[in-house]
Structure formats: C-alpha cells, structure tokens
Amino acid sequence: MSVVVPRTLTDALRAMAANPSALLLQGGTDLMVEINFNHRKPVDVIALRKIHELRAVKIDGETISIGAGLPYQEMESGQIAELVPALGQAARTVGSPQIRAAGSLGGNLGTCSPAGDGLPVLSALDAMINLRSANASRNVSIHEFMVGVKRNAKQPGEIIVSATVPIVRGWQGFAKVGVRNAMVISVASCCLVVDRTKGSIAVALGAVGPTVIRCRQAEQWLSTNVDLKQDAMIGAKLAKEFGERVANEARPIDDHRGTAEYRRHAVATLASRLLQRSGAR
Ligand SMILES: Cc1cc2nc3c(=O)[nH]c(=O)nc-3n(C[C@H](O)[C@H](O)[C@H](O)COP(=O)(O)OP(=O)(O)OC[C@H]3O[C@@H](n4cnc5c(N)ncnc54)[C@H](O)[C@@H]3O)c2cc1C
C-alpha cells in the first residue's frame, strides 16, 4: 500500500489526478474502522492531515466557510460555535475528545452516513459544498451532494475542500438521541434553524431515512401559523403538532440501533423541544 502525504492542496489534487482511485484519509475515524473490519482494502492512500488549507475558516460577514479537514474540537467552542451554534452543538456530541480531535466535516461528508451528526446542520443551513479537482472547482448544494445511504455526488479525482453556510440571525439548535449519553452514533437527530430576517424555519433530520431529510411541509405549516420574524413564545400544543408533522416526513427503518416506531417518536420529541427552546427567553 502506498501512502502519499502532500503538504498543499495543489499537491494533493495532483496526486488525485494521477491516481483518481486513491483513498483520501483525513482523521481516519471512519476510514480506519472500515479498513480494520476489512470492508475496504486500499491500495493507495492520500493523507490530507498536513494540508493547512483544508483547515481554514473564512468569514465574509454573511457566510462562514469551514475547511473540510478542520477537526470537530475546533468547532465545539469559539468563533464557529458562536456564529453557527447548531454546528458547535453537533460537534460537541461527536464520539469522544479523541474522535473530535481527529474527525472532520469533510470525513462526515465523505462517508455520508444518514447518522452523520454534521449533516443535518449543513442541510438545515442549505450549505454549499466546495469540491475541487486538478482542473476544476465546483460548488454543490448539500441537498444535491447527499444522494443516498453512504453515497454522495463527489466524483473520482475530487477533494471536498469546504462547506459554506450563512450566518443566520435567529435561533438554531441540534439535538440527538442515542443508546447512551456519550460516544454514541445517532439513533435519531434533528437540527432546527429559525431565520428571523427571512421569517423562515428549517428542520433537518438525521438517521431516519436513507439520507438527511428536510421537513419542507412542517416548515411551511409553521411559517404560516407563526410570525417567525418576531421573537415569540411557542406554546406546548403548537410545538407538539409541529413535532408530529416533522415525524410524518421521516422515513425511518428498524435496525440494530432502534425501531422505526421509536425513531419517529424520537424525532417528534426532538423537533418539538427544539422549537420550544427557540422561543424560550
Ligand atoms: C468511536 C467513534 C465514535 C464516533 N462518533 C460519531 C458521532 O457521534 N457522530 C458522527 O457523526 N460520527 C461519529 N463517528 C464517525 C466519524 O468520527 C465521523 O464521521 C467523522 O466526521 C469522520 O471524519 P474523518 O476526518 O475521521 O474522516 P475519514 O475517516 O478520514 O474519512 C471518511 C471518508 O471521507 C472521505 N474523506 C475524508 N476527507 C475528505 C475530503 N476532504 N474530500 C473527499 N473525501 C474525504 C474518506 O476518503 C473516507 O471515505 C464516530 C467514529 C468512531 C470511531
């Protein structure tokens, strides 16, 4: 097995162009597990960890662009957690401190598991994913990037460079349910973002479908029943109905982590609680 360790993005893209089937390795918290279980047998690996450009955070006033290689520990607190609180909350729930020191959004996107905790946040914020190859750069909406269970729109020869999200004025939050409190893959997760400027709400669910699900009908229903431009208390009855409408849009399955019925119940509860929190003073 050959391992190339480029120091710059340009060198990594050159290495990818020369060998488009090479496997990209960032933190290795997904990939090394797959290799250990013999699910993958890489012949050539390009390790991205030494590339500083992939850890860059760029803020232009209205948007924030997060490098694909930035580890979760950098999102748990500080600037990113302040500007994108839901991402900070999601980052704090990932694995353990060791996993958060290595794991990255680029890896979450690369694996594209429906249970990836960064993905509902990127979906609720309508993130744009920047992909680069040796000859081209393109931006793909997160909704087009995630195409199925562990499948994404990345082409051979491309590297995920960053995810860009708007800096939203309003409330946002992420919550998940697992079989225990820490070090746990989501059985169900939910991200809710209230945009007070636009008067809109976005809700995205993880682990209850083949890929992350945006609940467009529940979003529409709420925005016709509540003036989301105002900071308003949300009553328990409204929140409960909202949760039920969100759950109706989930497409959960039974598996070793939980039943479809439990998952539906879980996302109803998560969405309802997050909505109530959004109006709490
Ligand atoms: C003990 C444990 C606990 C975990 N807990 C959680 C959890 O709570 N929540 C959660 O969401 N995940 C969890 N995970 C999974 C994992 O940590 C995350 O999915 C993480 O985001 C993967 O990032 P990474 O940098 O380690 O990716 P890697 O393992 O390095 O790569 C993962 C995939 O993405 C591809 N890839 C990586 N970077 C790029 C790039 N820049 N461009 C293109 N492709 C790329 C790789 O080729 C590979 O296919 C856990 C894993 C372990 C082992």
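A few remarks follow.
- Taking the range 1-45 as the range and being open to solvent by 60 Å² or more (accessible area, probe 1.4 Å), within 12 Å of the ligand (Cβ to nearest atom) and outside any loop (DSSP other than H, G, I, E, B) as the test, the residues that pass are M32, V33, N36.
- Taken over the range 60-79, the criterion of being outside any loop (DSSP other than H, G, I, E, B) and either within 15 Å of the ligand (Cβ to nearest atom) or surrounded by fewer than 21 Cβ atoms within 10 Å (Cβ to Cβ) (or both) is satisfied by T63, S65, I66, G67, P71, Y72, Q73, E74, Q79.
- Residues satisfying the stated conditions in the range 113-130, i.e. among the hydrophobic types (A, V, I, L, M, F, W, C) and either assigned by TED's automatic domain parsing to the domain that holds A202 or near the ligand (Cβ under 8 Å from one of its atoms) (or both): A115, L119
Rundown of residues vs (1) buried (at least 24 other Cβ atoms within 10 Å of the Cβ); (2) of a type outside the set (A, V, I, L, M, F, W, C); (3) in a strand (DSSP E or B), yes/no style:
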| site | (1), (2), (3) |
| --- | --- |
| K58 | no, yes, yes |
| A91 | yes, no, no |
| G95 | no, yes, no |
| R100 | no, yes, no |
| G106 | yes, yes, no |
| P120 | yes, yes, no |
| V140 | no, no, yes |
| E144 | no, yes, no |
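- Single unsatisfied condition, M183 versus (1) more than 16 Å from the ligand (Cβ to nearest atom); (2) open to solvent by 30 Å² or more (accessible area, probe 1.4 Å): (1)
- For E219, the stated conditions hold: it is without any contact (Cβ under 8 Å) to a residue 40 or more places away in the chain, under 19 Å from F174 (Cα atoms) and outside any loop (DSSP other than H, G, I, E, B).
- Cβ-Cβ distances below 9 Å connect the following pairs, each with a first residue in the range 20-43 that is within 14 Å of G95 (Cβ to Cβ) and hydroxyl-bearing (S, T, Y), a second residue that is near the ligand (Cβ under 6 Å from one of its atoms) and open to solvent by less than 70 Å² (accessible area, probe 1.4 Å), and a separation of six or more residues or different chains: T29/V94; T29/G95; T29/I99; T29/A102; T29/G103; T29/S104; T29/G107.
The values are calculated or read from the model by the stated rules, or taken from the named source; none is laboratory data. What you see is a predicted model, and the numbers here were worked out from it, not measured in a lab. Don't worry about glycine lacking a Cβ; one is built from the backbone with ideal geometry, like all the others, and counts go over all protein chains shown. The area values use the complete protein model at the heavy-atom level, side chains included, leaving out ligands, DNA and RNA. Shrake-Rupley method; radii C 1.70, N 1.55, O 1.52, S 1.80 Å.
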